[in-house]
1. Of everything in region 130-143 that's of a type in the set (A, V, I, L, M) and surrounded by 13 or more Cβ atoms within 10 Å (Cβ to Cβ), which residue is farthest from residue 51 (Cα to Cα)?
2. Which of the residues that make up region 102-140 are of a type in the set (Gly, Ala, Ser) and either touching a Lys or Arg at 6+ places or on another chain (Cβ under 8 Å) or touching a residue at least 40 places away in the same chain (Cβ under 8 Å) (or both)?
3. Identify, please: which residue in region 11-42 is within 25 Å of residue 115 (Cβ to Cβ) and charged (D, E, K, R) and is, among those, least open to solvent (accessible area, probe 1.4 Å)?
4. Could you grab me the full set of residues in region 103-127 that are under 13 Å from the mean Cα position of the chain (by Cα) and within 20 Å of residue 10 (Cα to Cα)?
5. Quick one: how many residues across region 43-57 are under 11 Å from the mean Cα position of the chain (by Cα) and farther than 12 Å from residue 119 by Cβ?
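The values are calculated or read from the model by the stated rules, or taken from the named source; none is laboratory data. Only a predicted model underlies this, so the values are computations on that prediction, with no experimental measurement involved. All Cβ positions, glycine included, derive from the backbone under ideal geometry; neighbour counts span all protein chains shown. Areas reflect the complete protein model, heavy atoms only, side chains present, ligands, DNA and RNA absent. Shrake-Rupley method; radii C 1.70, N 1.55, O 1.52, S 1.80 Å.
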Amino acid sequence: MAELGDRIPDLPLTLSSGKSATLGDYAGKWLVLYFYPKDSTPGCTAEGLEFNALLQNFKRAGAQVLGVSKDSLKSHQNFSSKQGFKFDLVSDADEAVCNAFGVIQPKKLYGREYVGIVRSTFLIDPAGVIREKWQPVKVAGHAQAVLDALKAAKRQ
């Protein structure tokens, strides 16, 4: 379980742009890493659209945004294209990134118990240290709250 003050692991990433990267490639920059359950669902779409709408503000503040779910690269590409996302989504089909951040947990939906991604966001500083953590996340207004936290962290 990733906690405040932890250094993030340097894991490989499969990006919706078709490129490969590692978390270490984002060293030297602020990174917003948000985890969501499933492409093309109402809450996940709303969350992605909120981050997309504020993307230029994140960039001006020196941060990059990445969304992560277990969906396939093809699913991410379709979702990203349909919604016009200007940031990459990470396909974590093997759950390595999700497990490293401790976002796969027991959940309940309509009385049914299952294991899935708990909507979570991590604000990571240029040194690769987790500075803020939101878990679980309520979508409405969340991207703005993350942006506000980023600006506050940069002032410290």
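1. Here the residue is 130.
2. Result: 102, 116, 120, 127, 128, 140.
3. For region 11-42, the residue satisfying everything is 39.
4. Within region 103-127, the subset under 13 Å from the mean Cα position of the chain (by Cα) is 103, 117-124.
Listed by number, the residues that qualify are 103, 120, 121, 122, 123, 124.
5. Of the residues in region 43-57, 1 are under 11 Å from the mean Cα position of the chain (by Cα) and farther than 12 Å from residue 119 by Cβ.
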